[in-house]
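A.B. asks: Here it is, the structure in full.
The values are calculated or read from the model by the stated rules, or taken from the named source; none is laboratory data. From a predicted model like this one, the values you see are computed outputs, not experimental measurements. In this analysis, Cβ positions are derived from the backbone assuming ideal geometry, glycine residues included, and neighbour counts consider all displayed protein chains.
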Ligand code: GLU
């Protein structure tokens, strides 16, 4: 695993979960991360976050890659698949366990929900199994002891952020009761393994960042910069979801959705309608300005992408 060296070429990434075709909200994340990396002359990688096998839809990863290609979002290196990285996640848990940071937890979600205070993202784990499994309980998941100083970072769009992970979230899951490794662990291990210097992704993950920073610190990994892009919400205020096939994007007619995504990112429109996707990118990359990306979520109303 190689940490990026200072001054090295910047590396961004797009990390979709292949739970359905790419929807407009993910397209915005893909366009923002691609533009940011490429405008800086950096590399842009794609990683399929197909860890949650029960939610993975057969064929969705290929469909997402074909769509990215049609939108001129051409990636470097080969696509990484989290489903092939189990050994790396297990090694990270071992490293954390050697520090006394990991413990087995026998609680069910229901038990936690009943006995916990509400936190930044769901119930705060009350620490029931922190000092050992209660008698008669079998281990289900593995958790990280989340204690440590409050973590701060400067989001490139949202500005200074701060969270005391232990108080706001509690000890969090590294390996789930179904044996799958948790997103928070996998994303940290993979961003480091792929040498990612700049994470640009949806604002729904802003509150996850301090957990990822705690893991980076414990694992001795360098910390990328973070930028959390506006979420595109459905007309009823829900986050768009691939599994619900919200606003799929039409790979056969990429330009309208590309221009729409560019506008959601607060970027100035091209002076004239571009003559195709590559003409759009030739114009767009020198004009990309992270400073224009709005620090809010954009409802898409009855937006269509055509
Ligand atoms: N796989 C996540 C998603 O599709 C993105 C994770 C990330 O960018 O850190 O929402």
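A.B. asks: Determine which member of the set 112, 93 is more than 16 Å from the ligand (Cβ to nearest atom), modelled with pLDDT under 95, crowded, with 17+ Cβ neighbours inside 10 Å and not in a loop (DSSP other than H, G, I, E, B).
C.D. replies: 112
A.B. asks: Answer with yes or no whether residue 101 is within 28 Å of residue 177 (Cα to Cα) and away from the ligand (no atom under 16 Å from the Cβ).
C.D. replies: yes
A.B. asks: Also, quick follow-up: Criterion first (surrounded by fewer than 23 Cβ atoms within 10 Å (Cβ to Cβ), in contact with a helix residue (DSSP H, G or I) (Cβ under 9 Å, 6 or more places away or on another chain) and without any contact (Cβ under 8 Å) to a residue 40 or more places away in the chain) does residue 180 satisfy it?
C.D. replies: no
A.B. asks: Further, regarding this structure: I'd like to verify a number: residues in the range 65-90 that are in a helix (DSSP H, G or I) and farther than 24 Å from residue 23 by Cβ, how many?
C.D. replies: Looking only at that region, the number is 6.
A.B. asks: Given the conditions (1) more than 27 Å from residue 48 (Cα to Cα); (2) touching a residue at least 12 places away in the same chain (Cβ under 8 Å), report the number of the one that residue 102 does not fulfil.
C.D. replies: The one condition residue 102 does not meet is (1).
A.B. asks: Answer yes if at least one residue in the range 216-229 is closer than 24 Å to residue 281 by Cβ and either at pLDDT below 95 or more than 13 Å from the ligand (Cβ to nearest atom) (or both), and no otherwise.
C.D. replies: yes
So that you can scan it fast, the table gives a plain yes or no per residue for (1) more than 14 Å from the ligand (Cβ to nearest atom); (2) within 23 Å of residue 222 (Cα to Cα); (3) in a helix (DSSP H, G or I); (4) at pLDDT 95 or above:
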site: 5; (1), (2), (3), (4): yes, yes, no, no
site: 12; (1), (2), (3), (4): no, yes, no, yes
site: 18; (1), (2), (3), (4): no, no, no, yes
site: 34; (1), (2), (3), (4): no, yes, yes, yes
site: 63; (1), (2), (3), (4): yes, no, yes, yes
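A.B. asks: Return yes or no: is residue 47 away from the ligand (no atom under 13 Å from the Cβ) and in contact with a helix residue (DSSP H, G or I) (Cβ under 7 Å, 6 or more places away or on another chain)?
C.D. replies: no
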